[in-house]
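First the structure, in the form of structure tokens, and then the observations on it.
The values are calculated or read from the model by the stated rules, or taken from the named source; none is laboratory data. Not measured: the values here are computed from a predicted model. Counting neighbours? That spans all protein chains shown, and the Cβs are built from the backbone with ideal geometry, glycine included. Side chains included, ligands, DNA and RNA excluded: accessible areas come from the protein's heavy atoms. Shrake-Rupley method; radii C 1.70, N 1.55, O 1.52, S 1.80 Å.
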Amino acid sequence: MRTVSAERYTFEFRPDVEPVLRVKPGEVVRFETSPAPAERLFAAGDGWLDALDTRRINAVTGPVYIEGVEPGDAVSVEVLEIETLDWGWNANIPGFGMLSDNVRQPLLRRLPIRDGLVWVNEALSVPVEPMIGCLGLAPARGATSTLAPPFPWAGNYDLKQIRPGSTILFPAQVRGGLFSLGDLHAAMGDGEATSVSIECAGAATVRLGMRKGLDLQMPRIETPERLYTIGLAERGNYPSARRHASDQMFNYLTEERRLTPEDAYILFSAAVDLSFGGPAGAVVLAGVPLDALAARDAIGETEGRRA
């Protein structure tokens with residue numbers, strides 16, 4: 001297993017930077033993530049708001065070059081493990097997040113993580129359910145922020161589904177893909193309603209792969225139970241993102257799973273769920289249970305053998 005040190009962090013996805021590591025498809029890489037942006041706030045004490053620069057808070061580690069990847073391919077990122085440090089943090093930044101006005105004072109709190117729990121106080125805790133908030137590939141040109149907005153190739157998606165056991169696919173924009181990840185969360189509610197979760201640093205171990213010629217337009221998440229398509233729109237435009245995610249799923253069912261439009265429509269009505277992603281843009285997931293398609297796949301395999 002290869003390791004990328006937390007010291008190799010940045011706040012942009014860029015195509016014009018030297019990769020910190022080169023790997024072959026199928027290699028496992030452990031990405032350490034840096035606590036430095038949060039530690040800087042705590043070091044500022046009561047002046048932490050003055051020290052806050054939101055453009056330099058969402059650090060990602062990388063990038064890693066994947067041999068053989070070309071534009072028009074998909075890079076697969078299988079999340080194997082996420083480790084957290086023994087502390088995380090949460091904040092209320094005035095004017096930032098949906099519930100900011102409900103808390104009268106600015107808030108910055110360090111939260112202990114022990115025994116599989118995040119401790120809000122001595123009597124209140126939540127389970128550690130780690131996930132990756134920000135990840136992806138370099139754009140074809142220019143720079144993509146690690147804060148907002150998310151794009152098809154990379155960004156701050158804040159999706160609970162990007163956790164151990166899941167694989168996320170990205171459309172490659174440049175040779176080698178140039179993959180980075182960061183913004184680990186120890187726990188987060190769907191949609192990250194306050195715009196800040198239990199933020200933490202630690203390490204994420206992933207297997208980087210390639211699906212040659214899978215010319216995706218948008219990222220996609222695969223889990224053992226479900227496949228998710230992702231819809232994106234400008235911040236606040238959830239109707240547009242909802243339609244975008246739905247169109248992506250409909251295209252997957254008809255073009256890749258070969259359902260008729262009528263059958264895809266009925267399956268969508270019965271089994272496809274829509275859910276929110278994070279607030280950096282309007283992010284919506286459409287998820288279909290794979291067992292709904294399993295019987296059809298089995299019939300197709302049987303007919304193929306008979307032919």
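Residues in the stretch 259-294 that are modelled with pLDDT of 95 or more, in a helix (DSSP H, G or I) and in contact with a helix residue (DSSP H, G or I) (Cβ under 7 Å, 6 or more places away or on another chain): Pro261, Ala264, Leu267, Phe268, Ala271.
Would you confirm, using the coordinates I've provided, whether Val17 is part of a loop (DSSP other than H, G, I, E, B), open to solvent by 30 Å² or more (accessible area, probe 1.4 Å) and among the hydrophobic types (A, V, I, L, M, F, W, C)?
Values: part of a loop (DSSP other than H, G, I, E, B): yes; open to solvent by 30 Å² or more (accessible area, probe 1.4 Å): yes; among the hydrophobic types (A, V, I, L, M, F, W, C): yes.
Yes.
Residues in the stretch 157-191 that are open to solvent by less than 20 Å² (accessible area, probe 1.4 Å), farther than 26 Å from Leu290 by Cα and charged (D, E, K, R): Asp183 alone. Taking the criterion of being more than 29 Å from Gly165 (Cβ to Cβ), of a type in the set (A, V, I, L, M, F, W, C) and open to solvent by 80 Å² or more (accessible area, probe 1.4 Å), the only residue of the stretch 107-131 that qualifies is Ala123. Within the option set Glu12, Glu67, being open to solvent by 40 Å² or more (accessible area, probe 1.4 Å) and more than 21 Å from the chain's Cα centre (by Cα) holds for one residue only, Glu67. Residues in the stretch 43-64 that are over 17 Å from Ser145 (Cα atoms) and touching a helix residue (DSSP H, G or I) at 6+ places or on another chain (Cβ under 7 Å): Ala44, Trp48, Ala51.
What's the total number of residues in the stretch 256-266 that are of a type outside the set (Phe, Trp, Tyr), out of contact with any Ser or Thr (no Cβ under 9 Å at 6 or more places or on another chain), over 23 Å from Leu137 (Cβ atoms) and open to solvent by 30 Å² or more (accessible area, probe 1.4 Å)?
Residues meeting the conditions: 4.
For the stretch 86-164, give me every one of the strands (runs of 3 or more DSSP E) that falls completely inside it and has 3 or more residues that are within 21 Å of Gly277 (Cβ to Cβ) and without any contact (Cβ under 8 Å) to a residue 12 or more places away in the chain. Explain how you work it out, then say what you get.
Values: elements: 107-114, 117-121, 124-127, 131-136, 154-156.
Counting at least 3 such residues, we get no strands (runs of 3 or more DSSP E) at all.
Of everything in the stretch 70-106 that is among the hydroxyl-bearing types (Ser, Thr, Tyr) and crowded, with 19+ Cβ neighbours inside 10 Å, the residue that is nearest to the chain's Cα centre (by Cα) is Ser76.
Rundown of residues vs (1) open to solvent by less than 50 Å² (accessible area, probe 1.4 Å); (2) in a loop (DSSP other than H, G, I, E, B); (3) without any contact (Cβ under 8 Å) to a residue 24 or more places away in the chain, yes/no style:
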| residue | (1), (2), (3) |
| --- | --- |
| Met210 | no, no, no |
| Met218 | yes, yes, no |
| Pro224 | no, yes, no |
| Tyr228 | yes, no, no |
| Ala241 | yes, no, no |
| Gln248 | yes, no, no |
| Tyr252 | yes, no, no |
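Checking each residue in the stretch 21-63 for being open to solvent by 20 Å² or more (accessible area, probe 1.4 Å) and of a type in the set (Ser, Thr, Tyr) picks out Ser34, Thr54.
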